[in-house]
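Step one of this worksheet: look at the structure below.
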Amino acid sequence: MPSVALAVTDGTPLFELAAACEVFGVNRELAKGWYELTICGQDDAEVGGWLRAGIRHDLTALAGADTVIIPSCRDVAQPPPRPLVEAVRAAHAAGARVASLCTGAFVLAEAGLLDGRRATTHWAHAAVLQDRYPAVSVDAGVLYVDEGDVLTSAGKAAGLDLCLHLVRTDYGAAVANALARSLVVPPHRPGGQAQFIPAAVAHGRNHVLADVMSWALERLGDPLTVRDLARRAEMSSRNLARHFNAVTGTSPLRWLVNERLRRAQELLETSDLSVEQIAARTGMGTATTLRRHFNQQLGVPPETYRRTFSC
C-alpha cells in the first residue's frame, strides 16, 4: 500500500487540500492496496482562512512517506515556512516522490529540489518564481511537469490533474479514468497542455470542436487524418489547427495520437489482445508504430506497460 503524506501549514488553501484528500484519502475500491493518506503539519492550523484542522502528525512524518504532496503557499511574497522547507528536503532525501500543487512549487524551490529542473506554477506567479530562483527552468505554459521524483503543477484544477496523473502512474489508465469518472472531471489532461486556454468552455460539450472530437473518438481504429477531421468540422486544416490549439492547447494530430495512446493503454490493461491487434484497433497501424509512440510518450514498450498494469 503506497503511502501519501499531505503537508498542511497555517494558511493552506482549502481547495488544493480537499482535492488531494479526495484523490488519495478516499478508498473507492478501484485498485488493490489503495493509498494510505497521512495529514502532517501544525496542529490546529488554519485552512482556507477560516477552518481549524486537528492534525495528529507533525511535519517530520513527511520523511516516512512514499509520496509527499505540498499544497499552495499562503503568500508567495513571504518565504515558505522554514520547518516545512526542511521537512520536504528531508523527505526527498529519504526517497520520497515530492509533488507541489500550484504555488507549492515555491516550497520545493526553496528546498533546492527544483534546481536544474523544469517546473511550473500558477501562471500569475511564474515570473516571481523564476526571478527568485534563477536555477529553476520555469515553464508557465503547461498544466504540470513530471520530473520523475519531483513534480509541479499549475493553479487549482491543474493540481487535480497532477493528482490523477500520479494515480495513472501508480495504477494505470483504467483506474485513473474510473476515478476521474467518479469525480466527474476530464479523465486526462496532458501535462503539456496550455494553462491558459482562451475558450469559453474548453472541455465542455458546447465548444466548436465537440462534435468532431466525439466523432473521431468513435473511429480511432480508422486511418483518420487531420484532413478528415477538418472535413468533418467543415473547416480548413489551418482553421481546425487554430481551434484545436485554443481548446486543447495542442495540434489536431497530437490530440489524435494522444487519444489513440490512451485507448491503447486501456486495451493493454483490460484485454488479452496482442500488441498487433491493439495497434490496429487504435489506428496506429502496426505494432512498430505503437511501440515507437509508447516509448516516446511513456518511456516503456507496450509489453512492459501491460505487465505493470494488467488487471
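The values are calculated or read from the model by the stated rules, or taken from the named source; none is laboratory data. Computed from a predicted structure; not experimentally measured. Note: ideal-geometry Cβ built from the backbone for every residue, glycine included; neighbour counts use all protein chains shown.
Here are a few things to note about the model shown:
- Within the range 12-35, being acidic (Asp, Glu) and either over 18 Å from the mean Cα position of the chain (by Cα) or at pLDDT below 80 (or both) holds for one residue alone: Glu29.
- Odd one out for Arg232, checked against (1) more than 28 Å from Tyr305 (Cβ to Cβ); (2) buried (at least 19 other Cβ atoms within 10 Å of the Cβ): (2)
- Ala127 being more than 18 Å from the chain's Cα centre (by Cα) and free of Cβ contacts under 8 Å to residues at least 60 places away in the same chain: yes
- Among the residues listed as Pro302, Pro252, the single one being farther than 26 Å from Ala178 by Cβ, surrounded by 19 or more Cβ atoms within 10 Å (Cβ to Cβ) and in contact with a Phe, Trp or Tyr (Cβ under 8 Å, 6 or more places away or on another chain): Pro252
- The range 67-84, residues that are surrounded by 14 or more Cβ atoms within 10 Å (Cβ to Cβ) and assigned to a loop (DSSP other than H, G, I, E, B): Pro71, Ser72, Cys73, Arg74, Val76, Pro80, Pro81
- In the range 279-297, residue modelled with the highest pLDDT [restricted to those that are crowded, with 16+ Cβ neighbours inside 10 Å and closer than 20 Å to Ala176 by Cα]: Thr282
- Where a residue in the range 226-247 is in contact (Cβ under 8 Å) with a residue 12 or more places away in the chain and of a type in the set (D, E, K, R) and its partner, wherever it lies, is part of a helix (DSSP H, G or I) and buried (at least 18 other Cβ atoms within 10 Å of the Cβ), with Cβ under 8 Å and at least six apart: Arg232/Val212; Arg232/Ala216
- Residues that are of a type in the set (S, T, N, Q) and in contact with a helix residue (DSSP H, G or I) (Cβ under 9 Å, 6 or more places away or on another chain), drawn from the range 67-91: Thr67, Ser72
- Yes/no for Leu240 being over 20 Å from the mean Cα position of the chain (by Cα) and either surrounded by fewer than 19 Cβ atoms within 10 Å (Cβ to Cβ) or modelled with pLDDT of 90 or more (or both): yes
- Qualifying residue in the range 119-140 (condition: buried (at least 17 other Cβ atoms within 10 Å of the Cβ), within 24 Å of Pro2 (Cβ to Cβ), assigned by TED's automatic domain parsing to the domain that holds Ala77 and touching a His at 6+ places or on another chain (Cβ under 8 Å)): no
- For the condition in a helix (DSSP H, G or I), touching a Leu at 6+ places or on another chain (Cβ under 9 Å), farther than 17 Å from Gly172 by Cα and in contact (Cβ under 8 Å) with a residue 24 or more places away in the chain, Ala216 qualifies.
- Those helices (runs of 4 or more DSSP H) lying entirely in the range 232-311 with at least 3 residues closer than 21 Å to Ala173 by Cα: 252-270, 275-281, 287-298, 302-309
- Subset tally (residues that are out of contact with any strand residue (DSSP E or B) (no Cβ under 8 Å at 6 or more places or on another chain) and surrounded by fewer than 18 Cβ atoms within 10 Å (Cβ to Cβ)) for the range 16-42: 9
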